Amino acid sequence: MNPQFAHIDHWIFDLDNVLYPSRCNLFALIDERMGLFLQDLLDCDAVEARRVQKDYFHDHGTTLAGLMHHHGTDPHVFLDFVHDIAMDRLEPAPMLRAAIEALPGERMVFTNADTPYAEKVLERRGLSGVFEIIHDIHACALEPKPEPAAYHSLISATGIDPAKSLFVEDMARNLTPAKALGMTTVWVNCGAEWGARDIVPEALDHIIPELEGWLVSITATEESLS
């Protein structure tokens, strides 16, 4: 294990575009479902639905948060609808699984999605059973990252010490509150839509292009490299 991370006891991972490569573009399928949901809700065309969707995402952290604020949308109905997608773009990742299992300490997923969707992704990637905890949007009392309340709910629910925690995210803005709490931060700069929005460079301890190769490199022993 890389001694640079010897103090880390808690390894926290975002889900989308982190635990699978951004090239899978799974969010494009979710994005399409969000558009259909808004078209039906607002009785509008696809162009207007997309405009509203992106406004809600930028102003409220997630499209769901905007829908709840402006329309009183039932989160369960929305999440069930938008996450009803095929997972065939994802492939098993045995090397990623081995690298995550090699991490010393506790491993968890921290996502603005819900647990049923997260479990489908993890199963498809061959990562079921790797994480002790999935802290989802419901566990955050529907307060999404980057709202500070989301991070405090994670700390309260798990008892983690932020100073001994490392958080990996593809949305740079979601790392700013984590850094403020004392976490080590890792930004997956994978070119995801709006990944660099509201970036605070000093909040980013490490910048990587993708997770698997980086984890393999930091968990490799001298024997495995020889």
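Structure summary
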{"read-out": "Output for region 18-59, where each listed residue is charged (D, E, K, R), more than 27 Å from Gly213 (Cβ to Cβ) and open to solvent by 40 Å² or more (accessible area, probe 1.4 Å)", "value": "Glu32, Arg33, Asp40, Asp43, Asp45, Glu48, Arg50, Arg51, Asp55, Asp59"}
{"read-out": "Filter result for Met171 (crowded, with 23+ Cβ neighbours inside 10 Å, under 17 Å from Ala113 (Cα atoms) and in contact (Cβ under 8 Å) with a residue 40 or more places away in the chain)", "value": "yes"}
{"read-out": "Counted residues, region 108-163 - those being acidic (Asp, Glu) and within 21 Å of Asp88 (Cβ to Cβ)", "value": "3"}
{"read-out": "Members of region 118-134 that are touching a helix residue (DSSP H, G or I) at 6+ places or on another chain (Cβ under 7 Å), more than 19 Å from Asp9 (Cα to Cα) and open to solvent by less than 10 Å² (accessible area, probe 1.4 Å)", "value": "Leu127"}
{"read-out": "Residue match in region 119-142 (condition: of a type outside the set (Gly, Ala, Ser) and in contact with a His (Cβ under 8 Å, 6 or more places away or on another chain))", "value": "yes"}
{"read-out": "All helices (runs of 4 or more DSSP H) inside region 127-226 with 3 or more residues being within 22 Å of Thr62 (Cα to Cα)", "value": "148-158, 176-180"}
{"read-out": "Residue within region 11-33 that is more than 17 Å from Met171 (Cα to Cα), assigned to a loop (DSSP other than H, G, I, E, B) and touching a residue at least 40 places away in the same chain (Cβ under 8 Å) present", "value": "no"}
{"read-out": "Filter result for the condition that a residue is closer than 30 Å to Tyr56 by Cβ, surrounded by 15 or more Cβ atoms within 10 Å (Cβ to Cβ) and of a type in the set (D, E, K, R), over Asp114, Asp88", "value": "Asp114"}
{"read-out": "Near pairs, Cβ below 8 angstrom, 6+ apart or cross-chain, from region 92-107 (closer than 16 Å to Leu15 by Cβ and modelled with pLDDT of 95 or more) to any residue that is hydrophobic (A, V, I, L, M, F, W, C) and in a helix (DSSP H, G or I)", "value": "Leu96/Leu211; Leu96/Leu215; Ile100/Leu215; Arg107/Ile100"}
{"read-out": "Cross-chain or 6+ apart pairs with Cβ under 8 Å, region 120-133 first and closer than 16 Å to Ala99 by Cβ, then crowded, with 20+ Cβ neighbours inside 10 Å and among the hydroxyl-bearing types (Ser, Thr, Tyr)", "value": "Arg125/Tyr20"}
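The values are calculated or read from the model by the stated rules, or taken from the named source; none is laboratory data. Just so it is clear, the model here is predicted, and its values are computed rather than measured. Every residue, glycine as well, gets a Cβ built from its backbone with ideal geometry; the counts of neighbours run over all protein chains shown. The area values use the complete protein model at the heavy-atom level, side chains included, leaving out ligands, DNA and RNA. Shrake-Rupley method; radii C 1.70, N 1.55, O 1.52, S 1.80 Å.
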